[in-house]
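What follows is calculated from the coordinates using simple rules that are stated; it is not laboratory data. All figures in this text were calculated on a predicted structure; none of them were measured in a lab. Note that each Cβ is placed from the backbone with ideal geometry, even for glycine, and that neighbours are counted across all protein chains shown.
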Amino acid sequence: MAFKLALGGGHGANTPGKRTPKFDDGTYMNEHDFNYPTACYVEENLVNEYEDVEIVRVDDEVRDVPLIERTNKANAEGADAYVSIHANAMNFTWGEPAPRGIETYAYVSEPPEAMELAEKAQDEMIDATGLFNRGVKTANFHVLRETHMSAILVECGFMDNKEEARLLMSDEYRRTCARAITNAIAAQYGLKKRSNPKPAAPKPTYETYVIDENIGNYRLESKVADLRFYVEPSWADADVFGRIDEGVGFPTIVRKLQVGDGEQYEVQNSDGATFYITAADVFVQLIEKEEDEPWFIGKRVECKVGKLRFYSRPSWDDSALAGHVTEGIGFPNILDKLTVGAGEQYEVANSDGDVFYITASDEYVRVE
Ligand SMILES: [Zn+2]
């Protein structure tokens, strides 16, 4: 008889509150963005690699399936075990010190089989991830209480710990967790490996080509709450890296791409990391960037009068006098323009990189 597993990632795609705190650039990840793909990988591993496994999914790609609906389905299907996948949170702000590690739950009555499965899942998770071991715990959670089979809930790391949040946002970590949970289930229920495992389904591929390269002087802003962005030109759940809220965005747009049936912008955050986000104008808008550098930065400045003072600090004072330049002589690199007393000075560097200050008045100097 087939081994029947009820399996689900916790929450829905847009369940309020279930998410990482916001990173400095306004990005975050919803818990479902971790839970759902990880559950998909567990399903894929078990079905492809083991004989006689049947999976009853109690979650949904988008909808937040009510807990009662989940446990009713598992019970009606007569599942042999129930595994729920989650990411943890303590305070929903970046904790100081940050909470950390992995824990696995079984029901408070400590049903022996569920406790064994929980121990195995916890051990496999700690071995695979190297994260802090919070151990096996018991709790009176609905999905542990209302299920008529051995049920566990795995918390795969803390969303309010920056390092663990970054892990939870990576496809590699999701696959690592799925492998650990798969191993625990296979060991607990003595699942038999297929002699010829089915290959994992290939990742969905999207035909991609460049639509527009000339959008370098725009930044992107989201027009909606909770907008997904991706690590690759893709629309797949597994490639969702994080989300942004209305009014938040990316400072750099590299280009516009056709991705499958839709269009995405390739964008960069302030660290220069590259992501992909829908280009549909119901979701995002492009905002022209202001010129980010004044025209004279990096230019040469030279004296256009007989003899001109320059200074060691932004000052007109004799005590700051560093030397003189004569007509046609100057500095190869303007770094900045400063207001000094009633006038303005260029902060300049000579060819050795030594920094000086010289009037910015075009009566005395020319910039070229
Ligand atoms: Zn959760």
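Where a Cα-Cα gap under 21 Å defines reach, which lysines qualify for K73, not counting those fewer than 8 residues away within the same chain? List returned: K4. Amide H to amide H distances under 5 Å link T252 with L220, Q268, where only residues 5 or more positions off or on other chains count and H is placed in the peptide plane. Calculated [222 nm] ellipticity per residue, helices only, for the chain: -6500 deg cm²/dmol; basis is -39500 (n - 2.57) per DSSP H run with n ≥ 4, divided by all residues, nearest 500. Taking other C-beta atoms within 10 Å as the exposure proxy, R366, R19, R134 rank R366, R134, R19 from fewest upward. Between helix 171-188 and the chain there is an angle of about 20 degrees, using the helix long axis and the longest principal axis of the Cα atoms. Whole-Hz Karplus values for region 230-235 come out as 10, 7, 9, x, 6, 10 Hz, taken residue by residue from phi with 6.51 cos²θ - 1.76 cosθ + 1.60 and θ = phi - 60°; glycine and proline positions read x. With a ≥ b ≥ c the root eigenvalues of the C-alpha gyration tensor of region 301-367, is it rounded (a/c under 1.5), prolate (a/b larger than b/c) or oblate? Rounded shape, in that the Cα axes give a/c under 1.5. Ranked by how many other Cβ atoms sit within 10 Å of their own Cβ, fewest first, the residues Y357, Y209, Y311 fall in the order Y209, Y311, Y357.
Fewest neighbouring Cβ atoms within 10 Å first, the residues H324, H32 line up as H324, H32.
Here the spin labels are modelled as points 7 Å beyond Cα on the Cα-Cβ line, and at A225 and M90 they lie 2.8 nm apart. Please label the shape of the chain as rounded, prolate or oblate, based on the square roots a ≥ b ≥ c of the eigenvalues of the alpha-carbon gyration tensor (a/c under 1.5 means rounded; beyond that, a/b larger than b/c means prolate, else oblate). Prolate, since a/c reaches 1.5 and a/b exceeds b/c.
Pairs from the table (K223/K289; K256/K289; K120/K203; K289/K337; K120/K193) lying more than 25 angstrom apart at Cα are K120/K203. Spacing of the modelled spin labels on A139 and E246, each 7 Å from Cα toward Cβ, amounts to 3.2 nm.
Evaluated with a Cβ-only charge set (Lys, Arg +1; Asp, Glu -1), region 208-288 carries a dipole of roughly 100 debye about its Cα centre, given to the nearest 20.
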